[in-house]
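Below is one structure, written out as structure tokens; the observations come after it.
The values are calculated or read from the model by the stated rules, or taken from the named source; none is laboratory data. Just so it is clear, the model here is predicted, and its values are computed rather than measured. Cβ coordinates were reconstructed from backbone atoms using ideal geometry, including for glycine residues, and neighbour counts include every protein chain displayed.
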Amino acid sequence: MMLRLFILVILLVAQPVAAQTQQAAVAMPDSYSADVARQVLEDGGNAVDAAVAANFVLAVTLPEAGNIGGGGFMLIYKDNQADFLDYREKAPLAAHKDMYLDDKGNVIQEKPLYGILASGVPGAVMGMWQAHQKYGTKDWSALIKPAIELAEDGFMPHPKLVNSVKRYTRRVKQNRHGRNFDHFFGRMRDDQLFKQPKLAATLKRIAEKGPEDFYKGVTARLIAQFMQDQGGLISLEDLAGYEAKWRSPISEKWQEYQVLSAPPPSSGGLVLVQMLKMQAQLAEHFQDLEHNSARYIHLLAELGKLGFADRGEYMGDPDFYPVPTEKLLDDAYIARRAAQVSIGSISATDKVKPGLKESEDTTHYSIIDQWGNAVSNTTTINLSFGNGVVVEGAGFLLNNEMDDFSAKPGVPNFFGAIGKEANKIEPQKRMLSSMTPTILLKDNQVEMVTGSPGGTTIISSVFQSILNRVLFDMSAEELVNAPRVHHQLLPKDVIRHHPGLSARAKYQLEKMGYKLDDRRFGDLQVISRDNIGRLDAASQTSGRGKSMVF
């Protein structure tokens, strides 16, 4: 009798552990991608299979950011090993450092943003293919099938998407800049199916032939001919020569966690880990601070200043510029930078220098599969709807990622970010990014998968999502919706923030000398574990995302 009772107790204790190991979760920027990712996981696919399927769905249902005309970064944690895929766009062979300057040497601001000259060579299709070839288990064409059906049969657009399309269409009609966006999307309504037959045909070719079609086949020829007709730069040679690249992710200790994040050509992982490690150096000053109090926000702003100073000076494509990653993350260097933080007042912007001696309509999704593998993927065409140009005959929007280069040293891009030699325009070079797909590990188990769109604000969103979880013990739902702040050195003493900061905090910040910019940013998609190890997923409620644990 005692033996049977003992066995029963063991079984009851063991049940929650078994249940936890079988949990999976997705946090996606829209409902279509969430439902497809869940279906792939329930059909026995792994996190990478689900990511590939979701990425192609987003090319149909999230046209402002989901894409096959752009690129991105995928952070993978599978079987206790971390890997990172860089499928960032590249500058065309015909690109050069002065291509956006007028005859007086001034930047023509709209040129890298709108129209045919704003696009880098797209990497998304090759990225999905290489991720699938290395880690996928399901049939490639089967993973693209849901996207084909949504393009061919149509989907019901979310009202927020329809409103975005209407606003962008009005801007195009007022100032076209070579954009044909309205010819393809102007008829979208939220009460009828929106069909994209040309995109469906392109997806069918990709499903059948993989990247061979997009980079060397029918789709490649459509892109190259369209570029030639419109005076663009991307050629068949550019497309045939494109490659995605496997890199070692940033991997650093912070508190009791291992932080995995994006290496260069993203600045995101480097600046994020710098700020986390500086926060640890200043832990006594963070102790007992109220969340989003004026003192707390001030300290975040000081950390942001230092990180963005290094970003502008040292970060770019490591295949073209020797990014000093190890030096930037060295503990002694971090300690020296943390010592420069002004605890009680605003540090002088012009005295914050690099420390070494020498769109926001991106989209992000997070996945954990039933085996504990994880994907954190951020993908983009830069600004909302990219360059506003749809490839005739192929049905997809192109990116305007060339704005992420430094068109001229010291001149800010659309996001106010300054760059120098490390990020100048060069043929075949990948432009610097702020995308920050991130995974937190604890004892080799995934504790958190996080990421966001938002241009340079991405880094702040991811940083604060981690602090909200670890320092303030917030649930996934609480942490994605807690008001966030952003400061990036320039504009001087400006803190951008979500609605919801207390009147007292705003008053005290303004009294310190900060200028406040009340504008929401980002769209966090987060999966984390609660204090007893169960998965918890959430999508920021200001977006149109969907998250599930199942």
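I need the full set of residues from the stretch 133-152 which are crowded, with 21+ Cβ neighbours inside 10 Å and under 17 Å from L62 (Cα atoms), in order please.
Of everything in the stretch 133-152, those that are crowded, with 21+ Cβ neighbours inside 10 Å and under 17 Å from L62 (Cα atoms) turn out to be I144, P146, A147, I148, L150, A151.
Would you point out the residue of the stretch 319-330, among those that are farther than 19 Å from E252 by Cα and not aromatic (F, W, Y), that is surrounded by the most Cβ atoms within 10 Å (Cβ to Cβ)?
Per the criteria, the residue is D319.
Given the residues M435, M431, which is the only one that is touching a Pro at 6+ places or on another chain (Cβ under 8 Å) and at pLDDT 95 or above?
Going through M435, M431 in turn, just one is touching a Pro at 6+ places or on another chain (Cβ under 8 Å) and at pLDDT 95 or above: M431.
If you take just the helices (runs of 4 or more DSSP H) that sit entirely in the stretch 220-304, which of them hold at least 2 residues that are within 20 Å of A335 (Cβ to Cβ)?
268-281, 283-286
Which residues, taken from the stretch 30-69, are assigned to a loop (DSSP other than H, G, I, E, B) and closer than 18 Å to M128 by Cα?
G45, N46, L62, P63, A65, G66, N67, I68, G69 - these are the residues of the stretch 30-69 that are assigned to a loop (DSSP other than H, G, I, E, B) and closer than 18 Å to M128 by Cα.
Need pairs with beta-carbon distance below 6 Å; first residue closer than 12 Å to T363 by Cα and surrounded by 24 or more Cβ atoms within 10 Å (Cβ to Cβ) and within the stretch 24-38, second at pLDDT 95 or above and of a type in the set (S, T, N, Q); sequence gap 6+ or separate chains.
A27/S366; A27/Q525; A27/S539; A27/S547; P29/T363; D30/T61
Would it be correct to say that L117 is over 23 Å from G268 (Cβ atoms) and at pLDDT 95 or above?
So L117 passes the test.
Report whether or not K253 is over 24 Å from the mean Cα position of the chain (by Cα) and either crowded, with 18+ Cβ neighbours inside 10 Å or at pLDDT 95 or above (or both).
no
If we keep just the residues of the stretch 163-178 that are surrounded by 13 or more Cβ atoms within 10 Å (Cβ to Cβ) and polar (S, T, N, Q), which is nearest to G115 (Cα to Cα)?
Of everything passing the filter in the stretch 163-178, T169 is nearest to G115 (Cα to Cα).
Taking the criterion of being touching a Gly at 6+ places or on another chain (Cβ under 7 Å) and not in a loop (DSSP other than H, G, I, E, B), would at least one residue in the stretch 340-359 satisfy it?
no
Looking at F155, F181, F84, can you tell me which residue is in contact with a Gly (Cβ under 7 Å, 6 or more places away or on another chain), in the same structural domain as S376 (by TED's automatic domain parsing) and either crowded, with 18+ Cβ neighbours inside 10 Å or among the charged types (D, E, K, R) (or both)?
Among F155, F181, F84, only F181 is in contact with a Gly (Cβ under 7 Å, 6 or more places away or on another chain), in the same structural domain as S376 (by TED's automatic domain parsing) and either crowded, with 18+ Cβ neighbours inside 10 Å or among the charged types (D, E, K, R) (or both).
Identify all residues within the stretch 25-78 that are of a type in the set (D, E, K, R) and under 20 Å from G543 (Cβ atoms); write none if there are none.
If the condition is that a residue be of a type in the set (D, E, K, R) and under 20 Å from G543 (Cβ atoms), then D30, D35, R38, E64 are the ones that fit.
Suppose we keep only residues that are under 16 Å from A505 (Cβ atoms) and of a type in the set (A, V, I, L, M, F, W, C) within the stretch 468-486. Which one would you say is surrounded by the most Cβ atoms within 10 Å (Cβ to Cβ)?
Per the stated criteria, the residue is V485.
Kindly provide the set of residues from the stretch 306-321 that are assigned to a helix (DSSP H, G or I) and under 19 Å from the mean Cα position of the chain (by Cα), ordered by number.
Hits for the stretch 306-321 are G307, F308, R311, G312.
The rows are residues; the columns are (1) out of contact with any helix residue (DSSP H, G or I) (no Cβ under 6 Å at 6 or more places or on another chain); (2) surrounded by fewer than 20 Cβ atoms within 10 Å (Cβ to Cβ); (3) under 28 Å from V259 (Cβ atoms).
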residue: G312; (1), (2), (3): yes, no, yes
residue: T378; (1), (2), (3): yes, no, yes
residue: G393; (1), (2), (3): no, yes, no
residue: E401; (1), (2), (3): yes, no, yes
residue: G410; (1), (2), (3): yes, yes, no
residue: N413; (1), (2), (3): no, no, yes
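May I ask you to list the residues in the stretch 499-532 that are buried (at least 21 other Cβ atoms within 10 Å of the Cβ) and under 24 Å from the mean Cα position of the chain (by Cα)?
F521, G522, D523, L524, Q525, V526, I527, S528, R529 - these are the residues of the stretch 499-532 that are buried (at least 21 other Cβ atoms within 10 Å of the Cβ) and under 24 Å from the mean Cα position of the chain (by Cα).
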